[in-house]
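Right, one structure below, let's go through it.
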Amino acid sequence: MSAAEIDLTNLKRAIVMRLDCEAKEHSKGHQKSYANRYSMRSSDGALIELMFEKGEKSPANLWVKEDFVRDLLDGRIPFTISSASKLYQTVGKTGEKQYGRHSALEDMMQLGKADLVCFALRSMADLDQILAVLAQVTRPVRA
């Protein structure tokens, strides 16, 4: 294992430990090897779902609903946008349309069919910035 792989493994462990403290395991549970699903509340009580890719072969990706993190889309943390309009566009071997994202996201109520941001975390500081923004998310106003 190279030094970069060891560093990524240690970063992922630290991220999981922090998320285990800051959030609770999602009702759908964690995947054994590939992803951890979480839910948390902002300081205003808004529900926030998160999914972290912990698998050996993936980057340290954190998936969040785009609406919640627009203030972070200035490039300070590398990210990609995953638009809901691109879901189910590819056809699998069986002829059925495929989801098109990490499988751990599909059955999450808030994240499954929403526009998402996938942050490629490089450090705990990246995670801290995201958690700080999520803490400020406000609950939707009911009419």
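Quick check, is TYR88 more than 13 Å from the chain's Cα centre (by Cα), among the aromatic types (Phe, Trp, Tyr), more than 21 Å from VAL137 (Cβ to Cβ) and surrounded by fewer than 16 Cβ atoms within 10 Å (Cβ to Cβ)?
Against the criterion (more than 13 Å from the chain's Cα centre (by Cα), among the aromatic types (Phe, Trp, Tyr), more than 21 Å from VAL137 (Cβ to Cβ) and surrounded by fewer than 16 Cβ atoms within 10 Å (Cβ to Cβ)), TYR88 qualifies.
Collect the residues in the stretch 6-35 that are part of a strand (DSSP E or B) and open to solvent by less than 70 Å² (accessible area, probe 1.4 Å), keeping them in residue-number order.
Passing the criteria: only ALA35.
Could you pull out the residue among ASP7, ASP44 that is more than 15 Å from the chain's Cα centre (by Cα), charged (D, E, K, R) and under 19 Å from ALA125 (Cα atoms)?
The match here is ASP7.
Name the residues in the stretch 36-47 that are in a strand (DSSP E or B) and surrounded by fewer than 20 Cβ atoms within 10 Å (Cβ to Cβ), would you?
SER39, MET40, ARG41, LEU47, listed by residue number.
Could you list all residues from the stretch 99-143 that are free of Cβ contacts under 8 Å to residues at least 60 places away in the same chain and in a strand (DSSP E or B)?
LEU116, VAL117, CYS118, PHE119
Somewhere in the stretch 52-61, is a residue closer than 22 Å to ASP7 by Cα, open to solvent by less than 50 Å² (accessible area, probe 1.4 Å) and modelled with pLDDT under 95?
Yes, the stretch 52-61 has at least one match.
Residues of the stretch 69-85 being under 20 Å from ALA125 (Cβ atoms), in contact with a strand residue (DSSP E or B) (Cβ under 7 Å, 6 or more places away or on another chain) and open to solvent by less than 40 Å² (accessible area, probe 1.4 Å), which ones?
The answer is VAL69, ILE77.
Might you let me know whether the stretch 109-124 holds any residue that is under 19 Å from LEU11 (Cβ atoms) and either surrounded by fewer than 10 Cβ atoms within 10 Å (Cβ to Cβ) or of a type in the set (Ser, Thr, Tyr) (or both)?
The answer is yes; a qualifying residue exists.
The values are calculated or read from the model by the stated rules, or taken from the named source; none is laboratory data. Keep in mind the model is a prediction, meaning the values are calculated, not measured. A quick note on method: Cβ atoms are made from the backbone with ideal geometry, for glycine too, and the neighbour counts reach across all protein chains shown. For the accessible areas, the whole protein counts, side chains as well, though only heavy atoms, and no ligand, DNA or RNA atoms are used. Shrake-Rupley method; radii C 1.70, N 1.55, O 1.52, S 1.80 Å.
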